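What follows is calculated from the coordinates using simple rules that are stated; it is not laboratory data. From a predicted model like this one, the values you see are computed outputs, not experimental measurements. Here the Cβ is made from the backbone with ideal geometry for all residues, glycine too, and neighbour counts use every protein chain on show.
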Amino acid sequence: MSVLPHDPSGERPDTEPRSNPEPRPDAEQALRESEARFQLAVKAAGFGVYSHDVRANQSWWSPELYALLGVPSTAAVTVEVAQGVTHPEDRERMVRAMEAALDPAGSGELAEEFRVLRADSGELRWVYTRAQTLFEGEGAARRPVRHTGVLLDVTDRKLVEETLKRADRQKNDFLAVLSHELRNPLAAISNAGEILARVAGDSPTAHAALAMLSRQTGQLTRLVDDLLDVSRVAQGKLTVRSEPLELGEIIEQAAETVQTLVREKSHRLIVSKPFVPIHVRGDRARLVQCVGNILHNAVKYTDPGGEIEVRVQQDDTNVSIDVRDNGGGIAPELLPHVFDLFVQSERALDRSHGGLGIGLSVVRHLIERHGGSVSAASEGIGRGAVFSIRLPRLGSVPAAPGPRVAAKGPVRRVLVVDDDADAADSIAMLLRLNGHSVEVAYTALAGLEAALRFVPDVMLLDIGLPRMNGYEIARRIRSEPALRRTRLLALSGFGRAEDRERSRAAGFDDHLVKPASFEALQDKLAGDEGYGEG
């Protein structure tokens, strides 16, 4: 808003010479009516209008703009007035924006949000301005003639946006804490199941109960993971890796995740893998998650004794994984929304199928991140459904590395530090059953004392400890010369990308999320990296 003295008449300045004859009375009447309609529209819309004649260096503000900025209508419109109501932190940015809008080499457009301090009360308001500069001439002779724009008070919208952002931050923080609180008991339950499986003997009843325990623990873990994935999607923080993958392996691993449920419901699962390897590029764990989520959905909505088929189709550029079932089907009005967040079939109202209505939404986001698409088809209620994942097909594939040999690993001295006694004791029992020497501490201070006394090869350290968190303990451990060879593994319910980044920065060697599988933990203990350093 580059400005000059206000025209007391309230009319827009006209410094250009008039070469046309005086308008006829009917033309004057039409002009007045047009101006009246314009003023009425400006007043109804609630925005102010400003115009600056660049050649004459004269400016005009509408009465609505004076009122919006709290400037007396009798005041002269000067540069000082315009800059005086602009918030000091936004002045330099707005000066640069105006200079850019008047630059003959530019488009002449101006669209900015900035803060103002009303001249009459000092009240802070947010405003949005949209303006356009009119130029004359071409090329090097191009010059700005007039700059005209509108100013709209958007304070209420900004307050709502800030409220929503704050609520979103609180929601994400809540989900992170919820994840942590849920993962702690899940870790203890999972570890206890693993222990019982090793000492249960040959009792069919015991093994049936253990299978049930394992199945339900896995389901709870999936629900927690889905909750966190929704949060990551909303924040744009859900990450995917990229490597060549063989599609048959993805389907096989996904089918394994539902085998127990398939047997429980007496389903017939038919997996028709391609005769020759088909490769795609993507994140193995995420693609297994996607196919697994769709298979879980098919199992959930297919009555006992039903049939589920996985079939692969391909062309020169794409490959499609189709999951077909003869289950409950999808109502026509629901079909376009099955991949939307929190959408569930009406049949889910009795909770007989469970779920949170978020798994398919996560699938869509992940597949789109892989450059693919998802779709669903159904002929209606009771007539089954087909869910399809379509991915770009990978042409040439580099030679795969040789098979990885699972390390048996030596016996380690392990210190477990966790304020959740059940989680700490259960993981210690498992480690002892596998021959490791284990000590347990339930507080941060006890963990530090035990580390200096026990000098462990490995510390399994919880992050969310009271009084002193795991990050601080890790930093103290790294400052102790006697513990330079100790390998630090975070074992935590916090598993967001920022949590892992903080772990690395604090000195952790790796970050496991509860409930970590015992195989994954054994793998970390068996590795040679980190031992004997210093």
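The table for this structure:
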| read-out | value |
| --- | --- |
| Long-range amide H partners of Gly493 with built H, under 5 Å | Ile463, Gly464, Lys514 |
| Segment Glu252-Glu162, extension gain: residue separation times 0.36 nm, minus the distance between their alpha carbons | 27.8 nm |
| Shape call, segment 413-526: gyration tensor on alpha carbons, a/c limit 1.5 | rounded |
| For segment 496-501, Karplus couplings with θ = phi - 60° (6.51, -1.76, 1.60), whole Hz, Gly/Pro x | 6, 4, 5, 5, 5, 5 |
| Two-site label geometry, Arg169 and Asp315: point separation in nm, points 7 Å out along Cα→Cβ | 4.8 nm |
| Per-residue HN-Hα couplings for segment 240-256 [Karplus 6.51, -1.76, 1.60; θ = phi - 60°; Hz; x = Gly/Pro] | 10, 8, 9, 7, x, 10, 8, 5, x, 5, 4, 5, 4, 5, 5, 5, 4 |
| Base-10 log of normalised Debye intensity for segment 80-185 (one unit scatterer per alpha-carbon) at q = 0.11, 0.13, 0.22, 0.23 Å⁻¹ | -0.54, -0.65, -1.14, -1.18 |
| Tensor-based shape of segment 240-395 (alpha-carbon gyration tensor, a/c under 1.5 rounded, otherwise prolate or oblate) | prolate |
| Theoretical FRET efficiency, 1/(1+(r/R0)^6), r = Cβ-Cβ of Glu307 and His207, R0 30 Å, to 0.05 | 0.60 |
| Mean-position separation - Cα centroids, segment 255-287 and segment 152-193, in angstrom | 33 Å |
| Per-residue HN-Hα couplings for segment 296-305 [Karplus 6.51, -1.76, 1.60; θ = phi - 60°; Hz; x = Gly/Pro] | 4, 5, 5, 4, 5, 9, 10, 5, x, x |
| Built amide H within the under 5 Å cut-off of Arg393, gap 5+ | Asn318, Val319 |
| R0 of 30 Å, Cβ-Cβ distance Thr260-Leu178: FRET efficiency to nearest 0.05 | 0.70 |
| Simple spin-label estimate for Ala111 and Glu138 in nanometres, 7 Å along Cα-Cβ | 2.8 nm |
| For Val154, distant residues with modelled amide H under 5 Å away | Trp126, Val127, Tyr128 |
